[in-house]
Amino acid sequence: MIVNDIKSFERELQSNRVIIIGGTNKNDIDLSLKKAYKFYDGNGYDIRILDFENTSIDDIKNAIFTSTFFVTTKLVHVKNFNIIKARTEEEKINIDKGIIKELVELIRIVDSDTVLLFTIDGQIDLSNQISKIVSEIGCLAHFVITKQDLPSFVEKLVNKEYKKAGRAEINYFLESINYSTQEVYNELNKLIDYTLDEPKITLQHIDDIVTKTLESNIFKMVDSIGKKEAHTALSILNTLINQKESELKILGMIIRQFRLLYLMKIIDERHKGMGEDEILRNLSLDGKKRFIIKNLRIQHQKFNRDEIIKNINLCLETDFSIKSGKLQDSKLALELLILNICK
């Protein structure tokens, strides 16, 4: 069975011999692990912990099938079980299929006096053979945070630290990390540590300490261009270059942003009733990036259609100048582009 909430997980503890815990919601992962330990320790289980990254299959077998003289029931916890972590198709090719097969066979023959617990920090690949067999004969607890849940989730984490953040600050924070569930904890912890005794998190705090994604930086740069704030746009450019982003990649992202703005303007002018799913298809955007629609709608108001077309052409001319060698200093080329657009 696959579960995604703590109450369901607690019920499954009593009847399953093989358990996987993973996902992106670290709070629920930590809480479920504490509940599992409390349950099995309270029922007299011998608890054995192995780290999969430093453990062989034989070590796991020995832990499962070897009992002490006084205690026969045992919990074998294999942590860092990243072999079932969600990966790209290219990364999956490198996974050792032999180890997967051995583990599947091992899971099938776990003794009735043993509980085998795997934990993983990250999204679980539900199509993995191990995930499939555990969801059939055991309990797979997949605690994930959806993009829609992120604002309220961040608010709870902030309040837990006795701080306050308004909806504008929370949305700005999430846009800065491109709504990445993987980055929420790291960047939020940095933000909370940075604000120390200050009770309220501000936009300036977020700008000061949060590591923004390339996409969110490009959005902010184009936003500054739309306001004719060349100094801000140039500052963002310098930040990206200092972060070792390639000038051509930055330029490509600027071109992409203006193209999205153009398409969004056309949709809003000619197809006002178009649904979000259809808009995302027309923009060739991932369905998970629904929040971008609102941002594009706000940003395209800063430009008329002719300005967007002119800016795209200026970007393409800069691209040609860099690639043809006409302008060999690509950083200077980008700076000149920003200044020209902001005229």
Difference of contour (0.36 nm per residue) and Cα-Cα distance, L248 to F70: 57.4 nm
Normalised convex hull volume, region 50-163, alpha-carbon set, Å³ per residue: 153
Evaluate the charge dipole of the chain about its Cα centre and quote only its size in Debye, nearest 20, assuming +1 on the Cβ of each Lys and Arg and -1 on the Cβ of each Asp and Glu. 1020
What angle do you read, to the nearest 10 degrees and between 0 and 90, between the alpha-carbon axis of helix 150-160 and the longest principal axis of the chain? 70
What is the distance in Å between the Cα centroid of region 90-118 and that of region 291-343? 51
In percent, how large is the relative contact order of the chain, given Cα pairs closer than 8 Å and 6 or more residues apart? 16
Tilt, helix 97-108 to longest principal axis of the chain (alpha-carbon atoms), in degrees rounded to tens, equals 50
Where Rh denotes the Kirkwood radius from the mean inverse Cα pair distance, what is Rg over Rh for the chain? 1.08
Whose amide H sits under 5 Å from the amide H of I49, counting only residues 5 or more places off or on another chain, with H placed in the peptide plane? H77
Enter the angle in degrees (range 0 to 90, nearest 10) between the Cα long axis of helix 181-195 and the first principal axis of the Cα atoms of the chain, meaning the one along which they spread out most. 80
Which FRET efficiency value, to the nearest 0.05, do you get for S112 and T55 by plugging their Cβ-Cβ distance into 1/(1 + (r/R0)^6) with R0 = 22 Å? 0.40
Additional length obtainable on full extension of the chain from S180 to T202, 0.36 nm per residue less Cα span: 5.9 nm
Out of L261, P199, N80 - ranked by how far each Cα lies towards the positive end of the dipole of the chain, with unit charges on the beta-carbon of charged residues - the top one is L261
Evaluate the distance, in nm, between pseudo-label points positioned 7 Å from the Cα of E307 and of T146 along their respective Cα→Cβ axes. 3.7
Is there a pair in K7/K156; K227/K343; K26/K249; K34/K101 whose C-alpha atoms are over 21 Å apart, and which pairs would that be? K26/K249; K34/K101
I'd like to know which of M221, V210, F118 lies farthest towards the positive end of the charge dipole of the chain, counting +1 on Cβ of Lys and Arg and -1 on Cβ of Asp and Glu. M221
Contact order normalised by length for region 54-201, with contacts defined as Cα pairs under 8 Å and 6 or more residues apart; what percent is it? 21
Judged on accessible area alone, 1.4 Å probe, highest first, T73, T88 line up as T88, T73
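The values are calculated or read from the model by the stated rules, or taken from the named source; none is laboratory data. This one's a predicted model, so the numbers in the text were calculated from it and none came from an experiment. Quick reminder, even Gly has a Cβ in these numbers, built from the backbone with ideal geometry, and neighbours come from all protein chains shown. Accessible surface areas use protein heavy atoms only, side chains included; no ligands, DNA or RNA. Shrake-Rupley method; radii C 1.70, N 1.55, O 1.52, S 1.80 Å.
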